[in-house]
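The values are calculated or read from the model by the stated rules, or taken from the named source; none is laboratory data. Keep in mind it's a predicted model, so treat the numbers as computed, not measured. We place every Cβ from the backbone using ideal geometry, glycine too, and count neighbours over all the protein chains shown. The protein model used for the area step is the full one, side chains on, heavy atoms only, and it has no ligands, DNA or RNA in it. Shrake-Rupley method; radii C 1.70, N 1.55, O 1.52, S 1.80 Å.
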Amino acid sequence: QVQLVESGGGLVQTGGSLRLSCAASGRTDRRYALAWFRQAPGKAREFVAAPSWSGMSIYYADSVKGRFTISRDNAKNTIYLQMNSLKPEDTAVYLCAARLSSGSYNNPNDYNYWGQGTQVTVSS
């Protein structure tokens, strides 16, 4: 089991910034990859950002490229999502996910564990 806890969400105005954190605990001795997804009310879960299984590449959704940056602190088993130039359409619950195999980085069905999510609201 891998437990994931997100933090850092909140209310921000258009153009503002937030930094989300996702701390992993439990069987972190196993190889796994973390990712960020988001889900807005009435919409499907959407991929946001993730490193590749090898860790050599980082992938971003087109909608966040140039504005969001994912990073990782291996010593703390934590990943971060720095979100700049936020827009109202970024409003969603942001979820951290972990997958235990290479799979598809942007397919939520390939992820084994999920956090509870943290709400991000961007006001216009």
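Points worth noting:
- FRET efficiency, residue 29 to residue 89 (Cβ-Cβ, R0 41 Å, nearest 0.05): 0.60
- Among 42, 103, 15, residue whose mean-square fluctuation peaks in a GNM of the chain (springs only between Cα atoms under 10 Å): 42
- Percent RCO, i.e. relative contact order, over the chain, from Cα pairs under 8 Å lying at least 6 residues apart: 37
- Whole-Hz Karplus values for segment 110-124 come out as 8, 9, 9, 10, 9, x, 7, x, 9, 7, 10, 10, 10, 8, 8 Hz, taken residue by residue from phi with 6.51 cos²θ - 1.76 cosθ + 1.60 and θ = phi - 60°; glycine and proline positions read x.
- Carbon/sulfur fraction of accessible area - segment 1-59, other protein chains in place, 1.4 Å, %: 50
- Highest-fluctuation residue, 57, 71, 17 considered, GNM on the chain with Cα pairs under 10 Å: 57
- Taking the DSSP bridge list for the chain and keeping only pairs wholly inside it, about 90 percent are antiparallel.
- Extension gain, residue 74 to residue 123: 0.36 nm times the residue separation minus the Cα-Cα distance gives 14.3 nm.
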